[in-house]
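K.L.:
Please find one structure pasted underneath; my questions will follow.
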Amino acid sequence: MKKILITGGSGQLAQSFKFLFKHEYDLAVLDKKIFDITDPKIVEKTLQQEKPDIVINCAAMTDVDGCENDSERAYLINGLAIENFARSFDGLFIQISTDYVFDGKDGPYLESSETNPVSIYGKSKLLGEEIVKICFKNFLIIRTNVLFDINQNSSFLDWVIRSLSNNQKINVVNDQINNPVWTYDLSKTINFLINNNMNGIFHVGSDILCSRYKFAKIIAEVWDFDIVNIVPISTSDLFKQLDSYVADRPLKSGLITKFEKLPKISLMSALTDLYKEN
């Protein structure tokens, strides 16, 4: 049984992978409270203790605006900390990345599309990708966008459901285009890539490209909420309502893959399964 160490253990992806594959792998799922990836001594000690065959790096500073306000910490967590693993680990390193490495002018994007991040978050995640390619011979860089799960505070899906169930009106941007992915589907894709000894950069997205506004309406329809409480708004107008500075977002984004053997991901099937389960 292969040993996998997963960083960012309290996050929705790490928890989904743990739930699905806890019987297939020997898993060490570590959150930032006990495993600070920015501390080289902690990383070295943990790697020596756990002796993993595979590392899945889910740890990240994902607050896009927070990254803009604290770029030093963003570059450290999302990029430079990866070097700490390279000093003590030579197995398969899996880096979870993002569509924010693109500028969002002409998406959806293939793995071969030119990167051009417009925010510190995107730039720091791209730095992480470059460090992975330099430091590891055996690696997977998995780019994804708009991860969702239920009962997760950081999930767009959960925010929409909680808001609409309380009859709250929500402003949702209608000009940010993505193809959202359920964390279970992403976890299954990661497992597929591991089992097929794949290497390199892979894009993972569902079969529907849609705005956040359209995604919110789809969620409402599946959960049988009134869509009247979902109010469309442009990204620029939403930003004008906020007091603090916000980072630029890629607008016309989305991720598609050139690898035909990757599992196909259905957005409607994911939402329907979640609805039935909850």
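K.L.:
Touching a residue at least 60 places away in the same chain (Cβ under 8 Å), aliphatic (A, V, I, L, M) and farther than 21 Å from P117 by Cβ: is that true of L30 in this structure?
P.N.:
Considered against the rule, which asks whether it is touching a residue at least 60 places away in the same chain (Cβ under 8 Å), aliphatic (A, V, I, L, M) and farther than 21 Å from P117 by Cβ, L30 comes out as no.
K.L.:
Just name the residue that is farthest from P180 (Cα to Cα) out of those in the range 1-31 that are part of a loop (DSSP other than H, G, I, E, B) and touching a strand residue (DSSP E or B) at 6+ places or on another chain (Cβ under 8 Å).
P.N.:
The extreme case among them is M1.
K.L.:
Same structure again: Which of the helices (runs of 4 or more DSSP H) contained wholly in the range 196-278 include at least 2 residues that are at pLDDT 95 or above?
P.N.:
Passing ranges, in order: 212-223, 267-277.
K.L.:
Here's a follow-up. Looking at the range 33-53 only, could you name the residues that are outside any loop (DSSP other than H, G, I, E, B) and under 21 Å from N78 (Cα atoms)?
P.N.:
Residues satisfying the conditions are P40, K41, I42, V43, E44, K45, T46, L47.
K.L.:
Looking only at the range 218-238, count how many residues are open to solvent by 50 Å² or more (accessible area, probe 1.4 Å) and either touching a Pro at 6+ places or on another chain (Cβ under 9 Å) or among the aromatic types (F, W, Y) (or both).
P.N.:
1
K.L.:
Next up: Within the range 129-178, can you find the residues that are more than 19 Å from Y275 (Cα to Cα) and of a type in the set (S, T, N, Q)?
P.N.:
Matches in the range 129-178: N138, T144, N145, Q168, N171, N174, Q176, N178.
K.L.:
Mind checking which residues of the range 24-46 are of a type in the set (S, T, Y) and open to solvent by less than 30 Å² (accessible area, probe 1.4 Å)?
P.N.:
Let us first name the residues in the range 24-46 that are of a type in the set (S, T, Y), namely 25, 38, 46.
Scanning the range 24-46 gives Y25, T46.
K.L.:
Now, a different point. Here are some residues: L186, L193, L209, L242. Which one is under 18 Å from the mean Cα position of the chain (by Cα) and either farther than 20 Å from T98 by Cβ or open to solvent by 60 Å² or more (accessible area, probe 1.4 Å) (or both)?
P.N.:
None of the others qualify; the one that does is L209.
K.L.:
Just need a number here: residues in the range 7-19 that are touching a residue at least 24 places away in the same chain (Cβ under 8 Å) and either in contact with a Lys or Arg (Cβ under 7 Å, 6 or more places away or on another chain) or small (G, A, S) (or both).
P.N.:
Residues meeting the conditions: 5.
K.L.:
Considering only the range 177-195, how many residues are outside any helix (DSSP H, G or I) and not polar (S, T, N, Q)?
P.N.:
Of the residues in the range 177-195, the ones outside any helix (DSSP H, G or I) are 177-182.
If we keep only those that are not polar (S, T, N, Q) as well, we get 177, 180-182.
Result for the range 177-195: 4.
K.L.:
Related question: Look at F192 and say whether it is among the aromatic types (F, W, Y) and under 21 Å from T62 (Cα atoms).
P.N.:
no
K.L.:
Also, I was wondering about something else. Does the range 249-272 contain at least one residue that is open to solvent by 20 Å² or more (accessible area, probe 1.4 Å), over 20 Å from Q12 (Cα atoms) and among the acidic types (D, E)?
P.N.:
Within the range 249-272, one or more residues are open to solvent by 20 Å² or more (accessible area, probe 1.4 Å), over 20 Å from Q12 (Cα atoms) and among the acidic types (D, E).
The values are calculated or read from the model by the stated rules, or taken from the named source; none is laboratory data. Since the structure is predicted, the reported quantities are computational estimates derived from the model, not experimental observations. We place every Cβ from the backbone using ideal geometry, glycine too, and count neighbours over all the protein chains shown. The accessibility values were calculated without ligands, DNA or RNA, using every heavy atom of the protein model including side chains. Shrake-Rupley method; radii C 1.70, N 1.55, O 1.52, S 1.80 Å.
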